[in-house]
Amino acid sequence: MKNHQTKILVAGDVMLDTYIYGKVERVSPEAPVPVLRKKPVSAKYVLGGAANVAFNIVTAGIADVDILSVVGEDEQGKLLLHKLAEVGIDTDMILTDQGRPTTDKLRYIGQNNQQLLRVDNESLKPVERKQLLAVCEQLERKMKIYDIILLSDYLKGFLNMDTMKMIMEMAEEHQVPVVADIKDRNYYKYKGAYLLKPNQNELHEITGMLVSSEEEIVKASCFLCREAESRYVLTTLGADGMILTDRERKLLKVKSTAREIYDVTGAGDTAMAYLAVGLALGQPVEEAVETANAAAGVQVSKLGTSTVYPNEVFQSMHEFSGRNKQLSDYRMGSLEPIRAEQKKGRRIVFTNGCFDILHAGHVEYLQKAKELGDCLVVGINSDASVRRLKGNTRPVNGIKDRMLLLAALESVDYVAVFEEDTPLELIRAVMPQVLVKGGDYKIEEIVGADLVAANGGEVVTIPFVEGKSTTKMIESIQEKMV
């Protein structure tokens, strides 16, 4: 694990989304078209394309972002760079090309937020190799600090074969995984990427295969995964959700969480941003996909290219999933339901453990913990965390099964996952009124005890039920098998 702040490189085609607002009151006498009367202050400028992906990552508040791209030497380019710098995105590796315009999508919007016309100003010419040399050395020096590279390819000329060769070779050398939002039929340029994300139509265009049914989508996705030598393909299906495959089979299908769809602009960018953040934090790919799907669902419920915040994403997941007790990675804003409990003045009790094989001792212990307050939050070690603590043969049960079993207990109100070896940062995030551990701990040995006590909280130990432990159960099973 890297010991620095999570860092993501976004490489691809940056754009400026421009919105001109007005009111339509008549049809032009010159042609059968509406006449838009502009409002006095009518223009709105929003980061688009790869810039929107980077902005969504920054908005999540978890990772720092650098961006590798190109803009023109024009007012739109200056405005785009200014807006990126304004939100804390490093623009040192954005090239300025005098011979091309900054990609600008100009939209005219009438009353009721109806889009009347879009005008694109762009160049599709490839960035020249000599221009790339200007940032090549800089990228080589910085590559080792990145946890993941996200490619946002809109086929505007930046992620051409030369650029891709440079990025993929450096990523392989420094063992940085690459996830790519793809559109190019020449999928070999993405060869070796960790994950590729086309939408349903792009999957058809790229592979030339039928994608009308789920079976056809899975078949085409697996084909793309094999041919591009990737580990995963994530195909987005709009209102039908997403399908994740590896080279041989479907791994996961998630339904869209969107209740109402107002505007699909930027939904793919938002999904990629949250997917990359999840993977950079070490989440299992299935969990990262579920988060990305929820983020896209929030995005399409808004008008235009909009910001999506972690609390919105996890509120959506919380409401949609029906598994309201289960909270995923706390670093991505999943603790909003607990915040709501605290605002109601409820007394929060926190305990933690691996809970690998749930037994009667656990059940009794958790019942006693719940009696100390109004809301019991259980922190649970991720699979990777259990392996580091208990060895490669553990856990016996994966994180999804362990969370499901704990959430089924009446005494447990919420189950929250932590990836670290100790729950200190999760305790800091929850800040419970009561911290509970088993009776085999002394108060001064309990992780987070000083933090909770300093905040006016209480630290309590509860004796375990004698003779009940996961380790003894495993040993007993092994003896009987022998």
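Worth a mention:
- When residues in the range 380-432 are screened for being surrounded by fewer than 21 Cβ atoms within 10 Å (Cβ to Cβ) and of a type outside the set (Val, Ile, Thr), 28 of them pass.
- In the set (1) in a helix (DSSP H, G or I); (2) modelled with pLDDT of 90 or more; (3) surrounded by fewer than 24 Cβ atoms within 10 Å (Cβ to Cβ); (4) of a type outside the set (Phe, Trp, Tyr), residue 272 fails one condition alone, (3).
- Residues satisfying the stated conditions in the range 216-251, i.e. among the hydroxyl-bearing types (Ser, Thr, Tyr) and over 19 Å from residue 293 (Cβ atoms): 230
- Selection from the range 185-198 of residues that are under 23 Å from the mean Cα position of the chain (by Cα) and buried (at least 19 other Cβ atoms within 10 Å of the Cβ): 190, 193, 195, 196, 197, 198
- Test: residue 213 is under 23 Å from residue 294 (Cα atoms), touching an Asp or Glu at 6+ places or on another chain (Cβ under 8 Å) and of a type in the set (Gly, Ala, Ser): no
- Verdict on residue 148 being crowded, with 17+ Cβ neighbours inside 10 Å, within 25 Å of residue 267 (Cβ to Cβ) and either at pLDDT 95 or above or not assigned by TED's automatic domain parsing to the domain that holds residue 309 (or both): yes
- Check on residue 116, assigned by TED's automatic domain parsing to the domain that holds residue 70, in a strand (DSSP E or B) and either surrounded by 13 or more Cβ atoms within 10 Å (Cβ to Cβ) or touching a Leu at 6+ places or on another chain (Cβ under 7 Å) (or both): yes
- Tabulated pairs, the range 39-52, first touching a residue at least 60 places away in the same chain (Cβ under 8 Å), second part of a helix (DSSP H, G or I) and of a type in the set (Val, Ile, Thr), C-beta under 8 angstrom, 6+ apart or interchain: 52/270
- Test: residue in the range 307-317 that is closer than 27 Å to residue 179 by Cα, surrounded by fewer than 23 Cβ atoms within 10 Å (Cβ to Cβ) and at pLDDT 90 or above: no
- Any hit, the range 139-155, residues being in a helix (DSSP H, G or I), among the charged types (D, E, K, R) and more than 25 Å from the chain's Cα centre (by Cα): yes
- Enumerated strands (runs of 3 or more DSSP E) restricted to the range 369-462, each holding at least 1 residues that are touching a Ser or Thr at 6+ places or on another chain (Cβ under 8 Å) and of a type outside the set (A, V, I, L, M, F, W, C): 375-381, 434-438
The values are calculated or read from the model by the stated rules, or taken from the named source; none is laboratory data. None of these values were measured; they are calculated from a predicted model. Note that we place each Cβ from the backbone using ideal geometry, even for glycine, and neighbour counts take in every protein chain shown.
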